[in-house]
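Report on the structure given below.
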Amino acid sequence: AQSVTQLDSHVSVSEGTPVLLRCNYSSSYSPSLFWYVQHPNKGLQLLLKYTSAATLVKGINGFEAEFKKSETSFHLTKPSAHMSDAAEYFCVVRVTGNQFYFGTGTSLTVIP
Amino acid sequence: DVKVTQSSRYLVKRTGEKVFLECVQDMDHENMFWYRQDPGLGLRLIYFSYDVKMKEKGDIPEGYSVSREKKERFSLILESASTNQTSMYLCASSRRGPYGYTFGSGTRLTVV
């Protein structure tokens, strides 16, 4: 069975401090992994993706994620949070075919 | 440059009405998807289509149907709207292969 677990439903950081959003997955296959961001009343935007190339993936807006097969994790990080990073973040795993599995989301609050 | 367009941002419909949600993409993507998004439940797949006139049930197809007569258009139909279908509906498209989604901005449907 395939699944995605986002370990924190809410994360709060101060502006300028690092961001860590955690994601674990389970998959019977070699997965493709994605992080999406959703700002209030907006659709989802792709931040970055891992598709079996480099394990450290760089995305937009200074975000990056590292695929760790031994830990079945794909955590999202950013060295310094900005106010505009406040949003909902979704970790997504794609196995075979056209099926994607979404985590339940992590709401990021950035405190000025 | 809008690539996935959902016809309405906000809709209010009465219980028992037949509701059409339209989605159009201009990227020549083969795959199209309909999700609903609810607080605490994340995104749940309703239906998807991997080709014209093809459709597959997702995780929660009950009470919904879809139509894909042209490659660029994927319609979600609520045959008889009910209050438990009040939700944010997100359309997405993707190319075949390990690619991410492009999402529309969403339609917030309220059934009264």
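Restricting the search to the range A:98-112, which residues are at pLDDT below 90 and either in a strand (DSSP E or B) or more than 8 Å from chain B (Cβ to nearest Cβ) (or both)?
Result: A:PHE100, A:TYR101, A:PHE102.
Those residues that are at pLDDT 95 or above and touching a Leu at 6+ places or on another chain (Cβ under 7 Å), I need them from the range B:19-34; list them, please.
Scanning the range B:19-34 gives B:VAL19, B:LEU21, B:TRP34.
Among the listed residues A:LEU56, A:LEU46, which satisfies the condition of being facing chain B (nearest Cβ under 10 Å), of a type in the set (A, V, I, L, M) and without any contact (Cβ under 8 Å) to a residue 24 or more places away in the chain?
Of the residues listed, the single one that is facing chain B (nearest Cβ under 10 Å), of a type in the set (A, V, I, L, M) and without any contact (Cβ under 8 Å) to a residue 24 or more places away in the chain is A:LEU46.
May I ask you to list the residues in the range A:56-89 that are in contact with a Cys (Cβ under 9 Å, 6 or more places away or on another chain), of a type outside the set (Ser, Thr, Tyr) and over 13 Å from A:SER32 (Cβ atoms)?
Selection gives A:HIS75, A:LEU76.
Taking the conditions exactly as written (closer than 26 Å to A:LEU48 by Cβ and of a type in the set (D, E, K, R)), does B:ASP51 satisfy them or not?
no
Looking at the range A:60-72, can you tell me whether even one residue there is surrounded by 20 or more Cβ atoms within 10 Å (Cβ to Cβ), assigned to a strand (DSSP E or B) and over 13 Å from the mean Cα position of the chain (by Cα)?
no
Among the residues of the range A:64-72, is any at pLDDT 95 or above, within 14 Å of chain B (Cβ to nearest Cβ) and more than 14 Å from B:GLY100 (Cα to Cα)?
yes
Quick one: which strands (runs of 3 or more DSSP E) lie wholly within the range B:5-112 and hold at least 3 residues that are at the interface with another protein chain (Cβ under 10 Å from one of its Cβ atoms) and buried (at least 17 other Cβ atoms within 10 Å of the Cβ)?
Strands (runs of 3 or more DSSP E) meeting the threshold: B:31-38, B:42-49, B:87-94.
Only one of (1) at pLDDT below 95; (2) over 26 Å from A:THR5 (Cβ atoms) fails for B:THR15. Which number is that?
(1)
Conditions (1) among the acidic types (Asp, Glu); (2) surrounded by fewer than 13 Cβ atoms within 10 Å (Cβ to Cβ); (3) more than 13 Å from every other protein chain (Cβ to nearest Cβ); (4) part of a helix (DSSP H, G or I), marked per residue:
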site: A:TYR25; (1), (2), (3), (4): no, no, yes, no
site: A:PHE34; (1), (2), (3), (4): no, no, no, no
site: A:SER52; (1), (2), (3), (4): no, yes, no, no
site: A:THR77; (1), (2), (3), (4): no, no, yes, no
site: A:GLU88; (1), (2), (3), (4): yes, no, no, no
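The values are calculated or read from the model by the stated rules, or taken from the named source; none is laboratory data. Since the model is a prediction, treat every value here as computed from it, not as a measurement. Cβ sites come from the backbone with ideal geometry, for glycine too, and all protein chains shown count toward neighbours.
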